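*Asks:* One structure, as structure tokens, below. Some questions next.
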Amino acid sequence: MGDVLDRVEQDMAFYARSGGGMTLSGGEPLLQKDFAVALLKNGRKRRMKTAVETCGMVPEENIREAAPHLNFALFDLKHLDREMHKAHIGAHNDRILANFRILVEEFPELPILARTPIIPGFNDNADAIAQIAEFIRPFERVRYELLPYHRLGTQKYQFLHREPPMGDVTLDKSVMSTLQKAVRGIIGDRLQVPH
């Protein structure tokens, strides 16, 4: 762990200017709870800003142990319909939604950005996105971001001689403006638009 922090610390001058820090991401970093929490805790001791990108599909204690050592959380909410979530993601969303509530309610000082990757044929419609916006609406400090579907991972599948699971699907650019309009009608300026 010290090696990781030493490596991150090499860019502290950049973080001081940019306001950035160390973000744990990748698959699901909180599945490696002991390592993630130790990294976050020791990063904070070294005066690093810390963040995590999570889908929330982890045991509750993983969220509770990591949160006190975070300056920021990015939390993916892909769909509110539990059966649709199960059909497309492979698991119900009960644990995800419970962990989101834990993060918001038990850690009221922690800034949170809820994010939804827009996936064609899954959640690329105003009803699905409006349900998510309604879910986060009562949590006034939570900001929200819609992430447009992209095909950046396609080349990785080609290297592995596998077919990309989404094939040649693309997201029509007009869809994003429609979804953003629906969200703004529910949570207003809490919608964060990616640059």
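*Asks:* Just to be sure, is Thr116 open to solvent by less than 30 Å² (accessible area, probe 1.4 Å), among the hydroxyl-bearing types (Ser, Thr, Tyr) and modelled with pLDDT of 90 or more?
*Replies:* yes
*Asks:* May I pose another question? Any idea how many residues of segment 89-108 are open to solvent by less than 60 Å² (accessible area, probe 1.4 Å) and either touching a residue at least 40 places away in the same chain (Cβ under 8 Å) or outside any loop (DSSP other than H, G, I, E, B) (or both)?
*Replies:* Qualifying residue count, segment 89-108: 9.
*Asks:* Here's something else I'd like to know. Report yes if Pro111 is in contact with a Phe, Trp or Tyr (Cβ under 7 Å, 6 or more places away or on another chain), open to solvent by 10 Å² or more (accessible area, probe 1.4 Å), within 30 Å of Arg7 (Cβ to Cβ) and touching a residue at least 40 places away in the same chain (Cβ under 8 Å), otherwise no.
*Replies:* In short, yes.
*Asks:* Has segment 2-17 got any residue that is open to solvent by less than 30 Å² (accessible area, probe 1.4 Å) and part of a loop (DSSP other than H, G, I, E, B)?
*Replies:* no
*Asks:* Can you confirm whether segment 44-65 contains a residue that is touching an Asp or Glu at 6+ places or on another chain (Cβ under 8 Å), over 19 Å from Glu109 (Cβ atoms) and among the hydroxyl-bearing types (Ser, Thr, Tyr)?
*Replies:* For segment 44-65, residues touching an Asp or Glu at 6+ places or on another chain (Cβ under 8 Å), over 19 Å from Glu109 (Cβ atoms) and among the hydroxyl-bearing types (Ser, Thr, Tyr): absent.
*Asks:* Also: Which residues, taken from segment 18-48, are closer than 12 Å to Ala73 by Cβ and surrounded by 15 or more Cβ atoms within 10 Å (Cβ to Cβ)?
*Replies:* Thr23, Leu24, Pro29, Leu30, Leu40
*Asks:* Then there is this: Cβ-Cβ distance below 7 Å, separation of 6 or more or different chains: which pairs start in segment 73-88 with a residue that is over 19 Å from Leu24 (Cβ atoms) and assigned to a helix (DSSP H, G or I) and end on one that is open to solvent by 50 Å² or more (accessible area, probe 1.4 Å) and modelled with pLDDT of 95 or more?
*Replies:* Arg82/His92; Arg82/Asp94; His85/His92; Lys86/His92
*Asks:* Tally time: how many residues in segment 51-92 are in contact with a His (Cβ under 6 Å, 6 or more places away or on another chain) and under 26 Å from Gln10 (Cα atoms)?
*Replies:* 0
*Asks:* Considering (1) at pLDDT below 95; (2) in contact with a strand residue (DSSP E or B) (Cβ under 7 Å, 6 or more places away or on another chain); (3) assigned to a helix (DSSP H, G or I), say which one Met48 fails and leave the rest.
*Replies:* (3)
The values are calculated or read from the model by the stated rules, or taken from the named source; none is laboratory data. Only a predicted model underlies this, so the values are computations on that prediction, with no experimental measurement involved. Every residue, glycine among them, receives a Cβ derived from its backbone with ideal geometry; neighbour counts consider all protein chains shown. In case anyone asks, the SASA skips ligands and DNA or RNA and just uses the protein heavy atoms, side chains included. Shrake-Rupley method; radii C 1.70, N 1.55, O 1.52, S 1.80 Å.
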